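Below is one structure, written out as structure tokens, with a few remarks after it.
The values are calculated or read from the model by the stated rules, or taken from the named source; none is laboratory data. Everything numeric in this text was worked out from a predicted model, so none of it was measured. Neighbour counts are summed over all protein chains in view; Cβ atoms, including those assigned to glycine, are modelled from backbone coordinates with ideal geometry.
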Amino acid sequence: MNNTELNILAESELFKGLDLLEIRSVLDEYSLNKVDFIKGEIVALQGDLYKELLIVLHGTVISEISDPTGKRIRLENFHESAVIAPGILFSIDNTLPVTITAVGFCTLLSIPKEAVLSVLMSKRICLENYLALVGNKVNILAEKIRLFKFSSIQQKIAGYLLNLRSKQKSDFLNIPYTREQLADSFGIARPSLSREFSRMAGAGIILVEGKKIRLLKTTALKYLLNGEILD
């Protein structure tokens, strides 16, 4: 494991807060494996038992779900340092609900379930990270379900921002997710989300500053939520 890969792991939701020496010690203790995949290769199939936690070291993989007709729906993109399906690993039914596929050449770190359990028991910070990661996944899923009734991207964004305003009781919002996670919760591509944010900012409805958004015209957001269209 080279220093570049160690730095990528240090940014992951599992190992963040550990220094590189601590991460290397964990890797050496459990003899963890790196696995390479080529473009289009299936990493894991929907219905497979998920017995090893996967973390992306290089490249990108996607998760897709298939319906009975064979139609595939893309659900999520996983880039460098992403932890894949942490909640499934310790589920009673640990069969994968999705198929994981390599977008291009990629490298994944594979951590057996027992090794994950040992790390969580010995490193409190990793345990807290893991619980927070699973909790965030639950919140994102709940947000997806809540926003499912809205048909347009603008409605989804307006609904999300107004709900967050109610929770934070402020027009200065701290967005708890990355732009990629937020796009996934809306069921859209990240460029589409960025385009709509830019459109709303250009109309003077919001002001975007990194992971902070200031609501300038909440009435306009309510109009969008009710089906008005922002050209």
If we keep only residues of the stretch 1-15 that are within 28 Å of Y177 (Cα to Cα) and surrounded by fewer than 16 Cβ atoms within 10 Å (Cβ to Cβ), then the residue farthest from the chain's Cα centre (by Cα) is N3
Just wondering, is there one or more residues in the stretch 33-44 that are in contact with a strand residue (DSSP E or B) (Cβ under 9 Å, 6 or more places away or on another chain) and within 24 Å of I125 (Cβ to Cβ)?
yes
- Test result for K144, of a type in the set (K, R), assigned to a helix (DSSP H, G or I), in contact (Cβ under 8 Å) with a residue 24 or more places away in the chain and closer than 16 Å to G87 by Cβ: yes
With the structure loaded, tell me whether S81 is part of a helix (DSSP H, G or I) and out of contact with any Gly (no Cβ under 9 Å at 6 or more places or on another chain) or whether it fails that test.
no
Does T219 meet the test of being without any contact (Cβ under 8 Å) to a residue 40 or more places away in the chain, among the β-branched types (V, I, T) and either touching a Ser or Thr at 6+ places or on another chain (Cβ under 6 Å) or farther than 26 Å from V83 by Cα (or both)?
yes
Cβ pairs under 8 Å, 6+ apart or interchain, first in the stretch 84-95 and assigned to a strand (DSSP E or B), second among the hydroxyl-bearing types (S, T, Y), ordered by first then second residue, are I84/S63; T95/Y50
Within the stretch 170-181, residues at pLDDT 90 or above and in a loop (DSSP other than H, G, I, E, B) come out as S170, D171
Counting only residues in the stretch 201-216 that are in contact (Cβ under 8 Å) with a residue 12 or more places away in the chain and surrounded by fewer than 16 Cβ atoms within 10 Å (Cβ to Cβ), the one nearest to the chain's Cα centre (by Cα) is identified as K211
Looking for something among the small types (G, A, S), touching a residue at least 24 places away in the same chain (Cβ under 8 Å) and either over 27 Å from G135 (Cβ atoms) or not in a strand (DSSP E or B) (or both) - is there at least one such residue anywhere in the stretch 66-75? yes
ask   = Taking the condition more than 19 Å from V61 (Cα to Cα) and either part of a helix (DSSP H, G or I) or not assigned by TED's automatic domain parsing to the domain that holds L21 (or both), does S166 pass?
value = yes
If we ask which residues in the stretch 124-160 are buried (at least 19 other Cβ atoms within 10 Å of the Cβ) and farther than 20 Å from I213 by Cα, their number turns out to be 3
